[in-house]
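So that we are looking at the same thing, I have put the structure below in structure tokens.
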Amino acid sequence: MQNKELITINQTSQILGVSIDTLRRWDKSGKLPAIRLKISGHRYYDRNLLAELMPRLDIYKLVLKWASGKTAVEPLTDFYCPNSSIFQARLSRFETELIKSGVLQDKFSLLTSVTGEIGNNAYDHNLGNWPDIPGVFFIYNINNRQVAIADRGQGVLTTLKKVRPDLINDQDALKMAFTEIISGRAPESRGNGLKFVRRIVIDNKYDLLFKSGQAELRINKKSNGLSIVKAKIPINGCLALIKF
Amino acid sequence: MIIQLKKFGVTLTSRQLGKEALSAFKPSLAGAGEAEIIEVDFDGVNTFSPSWGDEFLTPLVKKYGDRFILKWSDNPSVISTLKLLEEVNKYRLNII
């Protein structure tokens, strides 16, 4: 008990994006056992247990709730990369785990590269302009073949408008980001990483869901290339879910 | 002169780190002879991405032209990245 870092039920509810009633049910069923301190009898949660459980939950729901929430809450430190150095370190760990797992054989480098492009974009385009929490929420489950990254930054439309002021909506901005090669790079050093992402996702038959603002882009077997629709749940920043 | 990219790390993905790597290597490049071939070796690199590659390779392509050579690699991320950089920047890389 002494070595455990305890988190209150309210904090746990915010971190997981589930209600307190759900946490009580999970405690009862053993999915996420709570710890009761003798004096107060209140429920607390072991941070390490939470970190073990989170990748086994629906990671898309986790990052979506975080990215779309009105109030900014710091994700659990295990999955939170407040700056690009921490993201780089976690990306290296992701790469190592992919290599060890052997699931993608020599293609591990493509998924690492794509994940790196998406994550690094968040820092490149929001430095000094984060609306609330800086950095990205980066979580994956290699056994389930899923990786999710989200940020609470300015989103694709706002950052692309700096090079294309004529853009008026999120859907057009996503289409441009994923399909058009942007050669006039001033005034910001915008790359063409999302074109790379699209190519790798299509060539390797991954599923991609990418959200920004009011727009939602999908590349999968059903989308017949690239499909962009209005998002049911809008987010200010960006969110990507890759199934590989 | 051979530039071994693994000396900059094995996961080369960020624009910022690509820029810093080139900046750190510039003093070594200054020692290259006027006709010397500048060769990039990807051996030992696990992951390579367009952001890092664009910041590090593109200025060298522009500066050294035909003297700038890339050693062929079978790493899928290197192959895909170099292909994209050629399309985006409208140049041909000397890959041997």
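Looking at residue A:202 and the list (1) part of a strand (DSSP E or B); (2) under 19 Å from residue A:110 (Cα atoms); (3) without any contact (Cβ under 8 Å) to a residue 40 or more places away in the chain, which single condition is not satisfied?
(1) is the only condition that residue A:202 fails.
Okay, moving on. Report, by residue number, each residue of region B:25-68 that is away from chain A (no Cβ under 14 Å), of a type in the set (A, V, I, L, M) and within 9 Å of the chain's Cα centre (by Cα).
Listed by number, the residues that qualify are B:40, B:60, B:61.
Quickly run through region A:29-56 and pick out the residues that are touching a residue at least 60 places away in the same chain (Cβ under 8 Å) and buried (at least 16 other Cβ atoms within 10 Å of the Cβ). So that I can check it myself, show each step before the final result.
Narrowing region A:29-56 to residues touching a residue at least 60 places away in the same chain (Cβ under 8 Å): A:54-56.
Listed by number, the residues that qualify are A:54, A:55.
Out of all the residues in region A:205-222, which are in contact with a Leu (Cβ under 6 Å, 6 or more places away or on another chain), of a type outside the set (Phe, Trp, Tyr) and closer than 15 Å to residue A:114 by Cβ?
Across region A:205-222, the qualifying residues are A:209, A:217, A:219.
Still on this structure: Can we say residue A:152 is among the basic types (Lys, Arg) and either over 27 Å from residue A:215 (Cβ atoms) or buried (at least 22 other Cβ atoms within 10 Å of the Cβ) (or both)?
Working: among the basic types (Lys, Arg): yes; either over 27 Å from residue A:215 (Cβ atoms) or buried (at least 22 other Cβ atoms within 10 Å of the Cβ) (or both): yes.
Answer is yes for this residue.
Being under 20 Å from residue A:48 (Cβ atoms) and open to solvent by 50 Å² or more (accessible area, probe 1.4 Å) is the filter here, so list the residues in region A:63-81 that pass it.
Across region A:63-81, the qualifying residues are A:74, A:77.
Now a separate question. Identify the single condition in (1) more than 17 Å from residue B:48 (Cβ to Cβ); (2) open to solvent by 10 Å² or more (accessible area, probe 1.4 Å); (3) in contact with a strand residue (DSSP E or B) (Cβ under 8 Å, 6 or more places away or on another chain); (4) of a type outside the set (S, T, N, Q) that residue A:59 does not satisfy, given that it satisfies every other one.
In the conditions (1) more than 17 Å from residue B:48 (Cβ to Cβ); (2) open to solvent by 10 Å² or more (accessible area, probe 1.4 Å); (3) in contact with a strand residue (DSSP E or B) (Cβ under 8 Å, 6 or more places away or on another chain); (4) of a type outside the set (S, T, N, Q), residue A:59 misses (2) alone.
While we're on this one: Could you check, for region A:6-17, whether at least one of its residues is in contact (Cβ under 8 Å) with a residue 60 or more places away in the chain, in a helix (DSSP H, G or I) and either aliphatic (A, V, I, L, M) or crowded, with 18+ Cβ neighbours inside 10 Å (or both)? Write out each step before concluding.
Within region A:6-17, the subset in contact (Cβ under 8 Å) with a residue 60 or more places away in the chain is A:15.
Going one step further and asking which of them are in a helix (DSSP H, G or I), we end up with A:15.
Keeping just the survivors that are either aliphatic (A, V, I, L, M) or crowded, with 18+ Cβ neighbours inside 10 Å (or both) gives A:15.
Scanning region A:6-17, I find at least one residue that is in contact (Cβ under 8 Å) with a residue 60 or more places away in the chain, in a helix (DSSP H, G or I) and either aliphatic (A, V, I, L, M) or crowded, with 18+ Cβ neighbours inside 10 Å (or both), so the answer is yes.
Let me ask something else. I'm checking my understanding of the structure. Among residues of region A:83-104 that are free of Cβ contacts under 8 Å to residues at least 12 places away in the same chain and loosely packed, with under 15 Cβ neighbours inside 10 Å, which one is farthest from residue B:9 (Cα to Cα)?
Filtering first and then ranking leaves A:102.
While we're here: Kindly establish whether residue A:112 is within 14 Å of chain B (Cβ to nearest Cβ), part of a helix (DSSP H, G or I), open to solvent by less than 20 Å² (accessible area, probe 1.4 Å) and at pLDDT 95 or above.
Values: within 14 Å of chain B (Cβ to nearest Cβ): yes; part of a helix (DSSP H, G or I): yes; open to solvent by less than 20 Å² (accessible area, probe 1.4 Å): yes; at pLDDT 95 or above: yes.
Yes: the conditions hold for residue A:112.
Moving on to the next point. For region A:46-84, enumerate the residues that are over 15 Å from the mean Cα position of the chain (by Cα) and assigned to a strand (DSSP E or B).
Selection gives A:46 alone.
Need the failing condition index for residue A:240 against (1) touching a residue at least 12 places away in the same chain (Cβ under 8 Å); (2) open to solvent by 20 Å² or more (accessible area, probe 1.4 Å), just the number.
So the condition that residue A:240 fails would be (2).
Next up: Restricting attention to region A:44-60, report how many residues are under 15 Å from residue A:4 (Cα atoms) and not polar (S, T, N, Q).
Residues of region A:44-60 under 15 Å from residue A:4 (Cα atoms): A:44-52.
Next, from what is left, pick out any that are not polar (S, T, N, Q): A:44-47, A:49-52.
Residues that pass the stated criteria total 8.
Give me the residue from region A:199-208 that is over 17 Å from the mean Cα position of the chain (by Cα) and within 12 Å of chain B (Cβ to nearest Cβ) and, out of that set, surrounded by the most Cβ atoms within 10 Å (Cβ to Cβ). Let's see the steps before the verdict.
Going residue by residue through region A:199-208, those that are over 17 Å from the mean Cα position of the chain (by Cα) are A:199-200, A:202-205.
Those left that are additionally within 12 Å of chain B (Cβ to nearest Cβ): A:199-200, A:202-204.
Details: A:199: 17, A:200: 24, A:202: 15, A:203: 12, A:204: 15.
Checking each candidate, the answer is A:200.
Need at least 3 residues that are exposed (fewer than 14 other Cβ atoms within 10 Å of the Cβ) and without any contact (Cβ under 8 Å) to a residue 24 or more places away in the chain per element, so show me which helices (runs of 4 or more DSSP H) inside chain B make the cut, counting only ones lying wholly within it. Even if it seems obvious, please write down each step before you answer.
Working: elements: B:15-29, B:50-64, B:76-89.
Counting at least 3 such residues, we get B:15-29.
The values are calculated or read from the model by the stated rules, or taken from the named source; none is laboratory data. Since we're looking at a predicted model, the values are computed, not measured. For neighbour counting, all protein chains shown are included, and Cβ atoms are generated from backbone atoms with ideal geometry for every residue, glycine included. Surface areas here come from the heavy atoms of the whole protein model, side chains and all, with no ligands, DNA or RNA. Shrake-Rupley method; radii C 1.70, N 1.55, O 1.52, S 1.80 Å.
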